[in-house]
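To keep things clear, I will list the structure first and then write my remarks on it.
The values are calculated or read from the model by the stated rules, or taken from the named source; none is laboratory data. All figures in this text were calculated on a predicted structure; none of them were measured in a lab. All Cβ positions, even for glycine, are placed from backbone atoms using ideal geometry, and neighbour counts span all protein chains on display. Just the protein is used for accessible areas: all its heavy atoms, side chains included, with ligands, DNA and RNA removed. Shrake-Rupley method; radii C 1.70, N 1.55, O 1.52, S 1.80 Å.
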Amino acid sequence: MSESTESRHRPDYPPRTPSPQPRPVYPDRPAPPSTPVPDNPSKPPTKSLIPPGLGESRPLAASTRMEVRNRRVANWAFTGDRWAAKKAVDKVTATVRSWGYARPEDVAVDTVVRLLVGATVADEGKRISVHLADQNGMVLIVVLSHTAAEPEGELLAELAAVDGTTSCGTEASDEGRRVWALLDTLPPRRRAAA
């Protein structure tokens, strides 16, 4: 074999590789909106914290999530069936008693939990969540339906009629319909005889 034949069959070192594909050209990202510079740099700009007036409501943002901090809490998940109310009443009553509260009465806790759970089960979701929290002599009971449903006014009238209910509400959030009641744990004041 001649030298020219050998050179034809020998591989090239280093092996030849194809050149890399050019990257696609992306348009420049838009500049972030500039924030206005306050007149007084030592004071940062503030947002209004004024709550809505009587008879007005403020729509919830789609990302509003419930947060409970710095207090005792408990929560349970139940299937959305007719037995959920009984299970929830047993859990909530036992937990409120284990926290040392003698009030609200068991009848009041039973009634409130049955109303809240009954309203969320009627939303026909597969599951519901019951959340319980306490702070400063109040017990908060919140039930989530995990389905999109419209709040109803009749439920609020029934909840407000229960002894010991300080406040109650219902709203739609990204977690589903949320219904809640705040119960007072202090005994009612007796009127002094004149």
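Filtered by the rule that a residue be among the hydrophobic types (A, V, I, L, M, F, W, C) and surrounded by 15 or more Cβ atoms within 10 Å (Cβ to Cβ), the range 92-112 gives VAL92, VAL96, ALA108, VAL109, VAL112.
For the range 119-145, a residue qualifies if it is without any contact (Cβ under 8 Å) to a residue 60 or more places away in the chain and open to solvent by 60 Å² or more (accessible area, probe 1.4 Å), and the qualifying residues are ALA122, GLU124, LYS126, ARG127, ASN136.
The rows are residues; the columns are (1) aromatic (Phe, Trp, Tyr); (2) open to solvent by less than 50 Å² (accessible area, probe 1.4 Å); (3) part of a helix (DSSP H, G or I).
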{"site": "ASP90", "(1), (2), (3)": "no, no, yes"}
{"site": "ARG114", "(1), (2), (3)": "no, no, yes"}
{"site": "VAL117", "(1), (2), (3)": "no, yes, yes"}
{"site": "ALA149", "(1), (2), (3)": "no, yes, no"}
